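Novice: Mind looking over this structure? Questions follow.
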Amino acid sequence: MVSDMLLGRRLSNTDQWQVLAVDSYNGIREDRLRHDHTDGPAYGAVVASEAERPESAHRVLLVVDSLSNGGAERQLALLAMNLPPEWQPQIWSLTPGVWAEPLREAGIPVTVSERLWRFDATPALKLWRHLHASKPDLVYTQGWMAPVAAGPACAALGIPLVDSRMRGASIRRDNYHKAKLGLRFSDIVIANSAAGLATLRLRSSKGRVIPNGFDRSRLVPRSRAPLSGSPIIVVMAARMHQMKDWDLYLAVVRLMAERDRGKWRFLAVGDGPERPRLMSEGSDLVAEGSLEFVPEMTEVAPLLSTADIGVLLTNPRRHAEGCSNSILEYMAAGIPVVCSDSGGNAELVQEGTTGFVVPGRDAERLVGRLSDLAAHPTIAQQMGECGARRVREEFSVEALVARTLAAFEDARRCKRPRKYQPAGADGE
């Protein structure tokens, strides 16, 4: 029995999904996902119906850890909603979340099979029975538990398995053994950055780098060119978690406020367990007008349409970035980026061309880079234009889908013989 039942409805007067999650253990909680549903190739099109699909359609089961409001889940939705008609997607999630209803409305079947306690094996058993009965042409997994849950059945049934777990460039200690176990069952392993793939230490024939795609239908037209107005608006959009270096961001805000008070305005965008502490420690900066904590669950695209510089700072003791969605959003919005030298950040931000990659946790150096951009607005605007062009040319949804389909075909070519023949199945 699934403990969370998600009910979604589209509000007619806003671009917002309101999701009511009814939890049988914890009472009622309400989460909201603001999501731009403007017509576009990524979210505007509905997946082809059964009647519209060719008879030879390949059935792919996407097994994921979660459908929550996160960057990895958004990438999954982009992929599933934009597969060509010859691929028939179905989603199996180990945790409910706000993306379930939009996917269903796009015509994609979604099954949620949730663990009721830590060592509950029921979801894995249900998944194995489903794989035995449906025999999909390919399984695509995302997350750390999904390949462990699906891998043994795929190996037994000879179903090709594409594992896309590596969304960063570091592995938490509690995920290390899951990684080793899951990789044994995978035919192709996808990371969204070269740094992430290097972390897994795979043989070259098995690994693929497929960067994230950016949905351009989410863009909001700019009201002015970057660094052409006052105050200069700096945005850091990231989860308020120990993986991100929000303490360094506050230190930078303090230094800039001391030197040029009134010239700069810093926005902190995100939710997470560290938000209350950060709001308390930055309360004096908020009071003087240097810092603003944007309300939780705010859609970032409208904010970036008026921002001048995008910042992403990462805590090197806790995390290494993969292909950062925040950086892609900054670049797509046409603003220069200043970020930590972490994982795959240098693969996205071209030093001196689309922004600056700053090593270490050096607040003074970060202040220097921000000041350089403010002192040379024309160069900063050119950086923003280069970043936007790079996202259009290299990180489109179409590129994401094409690269993933190539990985699908590679996995099918190296399909393993079945170790177990289901009853009633045709012999091979």
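Novice: Let's test this: bin the Cα-Cα distances of the stretch 219-392 at 5 Å from zero up to the farthest pair and state each bin's percent.
Specialist: Reading upward from the zero bin: 1, 9, 20, 23, 23, 16, 6, 1.
Novice: What is the Rg over Rh value, at two decimals, for the stretch 120-161, using alpha-carbon atoms and the Kirkwood definition of Rh? Walk me through the numbers before you get to the answer.
Specialist: Numbers: Rg = 9.4 Å, Rh = 10.2 Å.
In the stretch 120-161, Rg relative to Rh is 0.92.
Novice: Any idea how far apart Arg224 and Ser205 come out in nm if each label point goes 7 Å out from Cα toward Cβ?
Specialist: 5.9 nm
Novice: How much length is gained if the chain between Arg317 and Asp362 is pulled fully straight, taking 0.36 nm per residue apart and subtracting their Cα-Cα distance, in nm to one decimal? Walk me through the numbers on the way to the answer.
Specialist: Numbers: separation 45, 0.36 × 45 = 16.20 nm, distance 1.46 nm.
Stretched fully, the Arg317-Asp362 segment lengthens by 14.7 nm.
Novice: Which value in nm describes the separation of the simple spin-label points at Ala406 and Lys263, placed 7 Å from the Cα toward the beta carbon?
Specialist: 4.6 nm
Novice: Report the residues of the stretch 333-364 in range of a label on Ile379: point 7 Å along Cα→C-beta, backbone N strictly under 12 Å from it.
Specialist: Those under the cut-off are 352-356.
Novice: At 0.36 nm per residue, minus the direct Cα-Cα distance, what do Ala133 and Arg184 gain on full extension? Give it in nm, one decimal, please. Before the final figure, lay out the partial values.
Specialist: On the way: separation 51, 0.36 × 51 = 18.36 nm, distance 2.34 nm.
Result: 16.0 nm gained on full extension.
Novice: Continuing with this model, one more query. If the chain between Ala287 and Cys414 were fully stretched, how many nm would it gain, using 0.36 nm times the residue separation less the Cα-Cα distance? Could the numbers behind the result be given before it?
Specialist: Numbers: separation 127, 0.36 × 127 = 45.72 nm, distance 6.06 nm.
Contour length minus Cα-Cα distance gives 39.7 nm.
Novice: Please name which of Val367, Val357, Ala380 has its Cα lying farthest along the dipole of the stretch 298-400 towards the positive end, using unit charges on Cβ (Lys, Arg +1; Asp, Glu -1) and the Cα centre as origin.
Specialist: Of Val367, Val357, Ala380, it is Val367.
Read-outs: derived from the displayed coordinates by stated rules, not from any lab. Bear in mind the structure is a predicted one, so any value in this text is a computation, not a measurement. Backbone-built Cβ (ideal geometry, glycine too); neighbour counts: all protein chains shown.
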